[in-house]
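Everything on this sheet refers to the single structure shown next.
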Amino acid sequence: MKLKILTTAILLTTTSLGVIVDTLAPLPAKAENLQHTQQLLATKQCAQCELSGAGLVLADLAGANLSGADLSRANLSRANLIGADLSGANLTGASLNGANLSGANLSGATLNSTDLRDAVLSDAKLFGTSLRTSYIQGTMGIPQYAGTPEDFYAWGVVESQRGNYKAAIANYNQALTLKSDFAPAFLARSVSRFNLSDYRGATQDAQVAATLFSVQQNSLGYQTAQNVIKGVEIVQNPPKARSRGPSIGDFFVSVGSVLLQLVSFF
């Protein structure tokens with residue numbers, strides 16, 4: 001049995017993540033400047049343009065100059081923005097769901113409550129840009145400098161919630177590259193590896209997490225990591241492991257509890 005309670009435990013953390021932006025105040029309505037929209041589609045040159053609320057779904061805007069443009073609430077879902085210049089643009093509340101932003105310049109852009117789900121950001125420039133209030137589920141190619149270890153950890157948990165365990169692991173890897181002793185990321189990666197049936201990797205990560213928690217004098221984290229190790233053992237050797245102590249449910253109730261505390265500072 002696949003111990004769904006283990007998955008549930010890690011997913012509960014999403015209630016505490018900084019990526020939740022539902023409480024942001026609504027934006028004042030603006031009228032789309034149709035002349036600017038036509039200019040953009042005809043020439044791909046529209047720096048400082050007024051494009052708030054523009055409908056640009058599937059638009060081919062590769063290499064477009066949109067520096068400083070107001071694209072708040074614009075719909076750019078699945079648009080081709082490869083190599084586009086969006087530096088300093090206002091993308092508050094805009095939809096870039098599934099958009100290709102490979103090589104795009106988003107430096108200094110405002111991305112408050114921006115929908116970047118399933119967008120591609122490979123080789124994109126994000127200097128001076130914050131993704132902390134953006135929707136980034138499934139976003140690919142987020143550069144390492146664009147987030148803190150805690151950000152990548154949080155994004156990993158979001159991917160885990162969606163069942164995208166490989167994407168979750170990629171985010172935990174980024175967190176650990178930035179902070180090699182980030183024990184919560186090892187523990188969370190252990191859970192994702194478990195859900196991919198990588199029991200050896202799950203045990204190894206939980207063991208590293210236990211060691212780090214011990215060094216950091218975090219007794220709760222240490223005990224939780226030990227419980228995960230025991231839980232993985234139960235899956236692999238049910239009769240032998242079950243004769244040793246508490247039930248599997250006891251192990252993973254504690255996992256959910258400690259992970260909630262570990263992300264409470266987000």
How do the peptides 86-99, 120-133, 158-171, 67-80 rank, highest first, by the average count of neighbouring beta carbon atoms within 10 Å per residue? 86-99, 67-80, 158-171, 120-133
Length gained, SER122-TYR145, 0.36 nm per residue minus C-alpha separation, equals 7.0 nm
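Which order, highest average first, do 143-152, 205-214 follow once you tally other Cβ atoms within 10 Å for each residue and take the mean per peptide? Numbers along the way, then the final one.
Values: 143-152: 18.0, 205-214: 21.6.
The packing order, highest mean first, is 205-214, 143-152.
Would you work out if region 39-100 is rounded, prolate or oblate? Take a ≥ b ≥ c from the square roots of the eigenvalues of the alpha-carbon gyration tensor; rounded if a/c is under 1.5, else prolate when a/b is larger than b/c, oblate otherwise.
On the way: a/c = 1.38, a/b = 1.04, b/c = 1.32.
Here region 39-100 falls in the rounded category.
No value in this document is a laboratory result; all are computed from the given coordinates. Since we're looking at a predicted model, the values are computed, not measured. Heads up, the Cβs are rebuilt from the backbone with ideal geometry, glycines too, and the neighbour counts pull from every protein chain shown.
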